[in-house]
Amino acid sequence: MLVAKFLQYIKYEKIYSSHTFVSYQTDLNQFKSFVESRSETFDPAKIDSLTIREWVISLMESGDNASSVNRKLSALKSFYKFLKQHGYVTQNPMKGIVAPKKSKMLPKFLREDEMDKLLVDLESPFSGDFEGVRDKLIIEMFYSLGIRLSELIGIKDENVDLAAKTVLITGKRNKQRLLPFGERLSTSIKEYKKLRNEEVPDRCGSLFVKKDGKILYPMLVYRIVNKYITMVSSMTKRSPHVLRHTFATVMLNNGAELNAVKELLGHASLAATEVYTHTTFEQLQKIYKQAHPRA
């Protein structure tokens, strides 16, 4: 079965994440079912662009939004690219397929004063025990480095160089980048590690661990971030990615070059970073109000 061969290829050769693997598997099986509902067999070599367009229409009519449809088309595009490269098909029916336009959602972010309130001004929102110190460092790491949730969980003790004030981050598809950090974060890391080493002597090699010494899991980190953002903001979205958006927004509002922010975030292309440029409008508003007599 060609779908199975493709899935094995992305899992073991391309080393896609388990999340991407499951998504591609679901999307391709959905497409396979659609084709089989119109013919007795699923033969990728006999499928044309018209069939794919009909599938897209059926998805939109069933209520799938543009983002969902585009993800499914991305899976199908990768599938046919694999088939073409390995000689299973001679023609690629994905050529000429236009993906539906997505409505652009601007990233949600916290203001600088909200982050200052959480990390500096509030009267001890974080407890002084192991979990409180750890949770504060988690918030600081997201805000200071702009890293993803999976990247934070993946940080090993050996990845942090306190002398050089750098941390080695492993991002999507195992791409690594070296991020600098400042004195404040360095102090916080030292305090956390000292307490962690005393409280949790038997642990795995990860920087962040639970009280039992095991590595953190994503939902726990999400709950930690949600809890503390709620203290300073009424926004409905309170995920670790909001702190990543906040990092990018703060950097650009304070004069960082777009390409530098791209490298820090680990984006593959500049287009992915440009979505944050709208937030610099906040800075323009401040300048206008300060400088214009009729503002």
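The values are calculated or read from the model by the stated rules, or taken from the named source; none is laboratory data. This one's a predicted model, so the numbers in the text were calculated from it and none came from an experiment. Every residue, glycine among them, receives a Cβ derived from its backbone with ideal geometry; neighbour counts consider all protein chains shown. We work out accessible area using only protein heavy atoms, side chains counted, and drop any ligands, DNA or RNA first. Shrake-Rupley method; radii C 1.70, N 1.55, O 1.52, S 1.80 Å.
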Note to self: Based on DSSP loop calls and a cut-off of at most 11 other Cβ atoms within 10 Å, the longest stretch of the chain free of exposed GluC sites (Glu not before Pro) is what?
What the structure shows: 124-256
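Arrange the peptides 219-229, 89-99 so that the one whose residues have, on average, the most other Cβ atoms within 10 Å appears first.
219-229, 89-99
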Item checked: Tail beyond 27 Å, pair distance distribution of the chain (Cα, percent) -> 54
Next item on the list: Collect residues whose amide H, placed 1.01 Å from N in the peptide plane, falls under 5 Å from the amide H of K156; neighbours closer than 5 in sequence don't count.
Entry: L207
Checklist line | Accessible surface of the chain, 1.4 Å probe, proportion on carbon and sulfur as whole % | finding: 51
Item checked: Pairwise centroid distance, computed over Cα atoms, of the range 238-268 with the range 50-96, Å -> 32
Note to self: So for the chain, averaging the separation of alpha carbon pairs under 8 Å that are six or more residues apart and normalising by length, what relative contact order in percent results?
What the structure shows: 16
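How much accessible area per residue does the chain have, in Å², with a 1.4 Å probe?
Roughly 58 Å² per residue, with all protein chains present.
Under the definition of Cα pairs under 8 Å and six or more residues apart, what whole-number percent is the relative contact order of the range 1-155?
Over the range 1-155, the number comes to 18 percent.
Tell me what the chain gives for mean residue ellipticity at 222 nm when only DSSP H runs of n ≥ 4 count, each as -39,500 (n - 2.57), the sum divided by the residue total, rounded to 500 deg cm²/dmol.
Calculated from helices alone, the mean residue ellipticity at 222 nm is -16500 deg cm²/dmol.
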Next item on the list: Return the single residue from D135, D64, D157 with maximal mean-square fluctuation; model: Gaussian network over the chain, springs between Cα atoms under 10 Å.
Entry: D64
